[in-house]
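Data first, discussion second: the structure below is written as structure tokens.
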Amino acid sequence: PMVELAQNYGLTYFYRWDWEQCPVEAGQRLADGVKYLYSLYPEVEEIVIFAHSYGGVIATMAAGDIDIPIPVVIHTIAAPLAGYPHLMDRCELTYNDSGKIVYPPFGDKIYHFQWRTRKEQDGAYRQLDYDPQDEDLPGSNVTRLPASMDGHRLGHNWSVSWVIDTYLGKPHTP
């Protein structure tokens, strides 16, 4: 799916973070990178970010620090936005009364979309007592992905293909 994105859009970048870095720091680096790219290409009319799994937590953290004058559309895919044990145990994060991660408020030009897998089919989440994707963020649009894609189980990793293909207008059958 990422190759297809690059083939359809002239400017496609990949952000790679240190898996051991906490999301606040990684999110700040991502926000700084987005602002830097915008400074290089001020003619760009919109920036779209696709972020999978822990990357969705990072991109959502970044959303509060991206302050550029064009729309930034963030798609989080199978992201444990409510929190995940390994993440919660090692990072100093702010939590609400329900024990979910608190994110910085989004700016006026941030558009946030959550694409959630079905927990019972998601190999990364099915063993948990809760669905770490269930985080209701103000102004975020939530879509629950179908159980299957073209006759195969739609789990954690295949969710990226579904979302990118949907974005590019390539249909799949549930």
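Taken residue by residue, segment 117-134 has no member that is of a type outside the set (Phe, Trp, Tyr), in contact (Cβ under 8 Å) with a residue 12 or more places away in the chain and part of a strand (DSSP E or B). The set of residues from segment 9-40 being over 30 Å from GLY123 (Cα atoms), open to solvent by 70 Å² or more (accessible area, probe 1.4 Å) and of a type outside the set (Gly, Ala, Ser) comprises TYR9, LEU11, ASP32, TYR36, LEU40. Here GLY107 qualifies as part of a loop (DSSP other than H, G, I, E, B), at pLDDT below 95, over 16 Å from the mean Cα position of the chain (by Cα) and closer than 14 Å to THR60 by Cα. Considering segment 93-110 alone, what residues qualify as being surrounded by fewer than 19 Cβ atoms within 10 Å (Cβ to Cβ) and in contact (Cβ under 8 Å) with a residue 40 or more places away in the chain? Within segment 93-110, LEU93, PRO104, PRO105, GLY107, LYS109 meet the criteria. Here the condition is being closer than 17 Å to VAL102 by Cα, charged (D, E, K, R) and at pLDDT below 95; of ARG90, ARG29, ARG16, it holds for ARG90 alone. Scanning segment 111-121 finds one or more residues that are open to solvent by less than 20 Å² (accessible area, probe 1.4 Å), under 16 Å from the mean Cα position of the chain (by Cα) and within 23 Å of GLU25 (Cα to Cα).
Applying the set (1) in a loop (DSSP other than H, G, I, E, B); (2) surrounded by fewer than 18 Cβ atoms within 10 Å (Cβ to Cβ); (3) among the hydrophobic types (A, V, I, L, M, F, W, C) to LEU81 leaves exactly one unmet item: (2).
Among residues of segment 55-68 that are over 20 Å from ASP18 (Cβ atoms), those with a Cβ under 7 angstrom from a residue that is among the hydroxyl-bearing types (Ser, Thr, Tyr) and not in a loop (DSSP other than H, G, I, E, B), sequence gap 6+ or separate chain, pair up as ILE68/TYR38. THR166 passes every criterion in (1) open to solvent by less than 20 Å² (accessible area, probe 1.4 Å); (2) among the β-branched types (Val, Ile, Thr); (3) not in a loop (DSSP other than H, G, I, E, B) apart from (1).
The values are calculated or read from the model by the stated rules, or taken from the named source; none is laboratory data. Bear in mind the structure is a predicted one, so any value in this text is a computation, not a measurement. All Cβ positions, glycine included, derive from the backbone under ideal geometry; neighbour counts span all protein chains shown. With ligands, DNA and RNA removed, areas are computed over all heavy atoms of the protein, side chains included. Shrake-Rupley method; radii C 1.70, N 1.55, O 1.52, S 1.80 Å.
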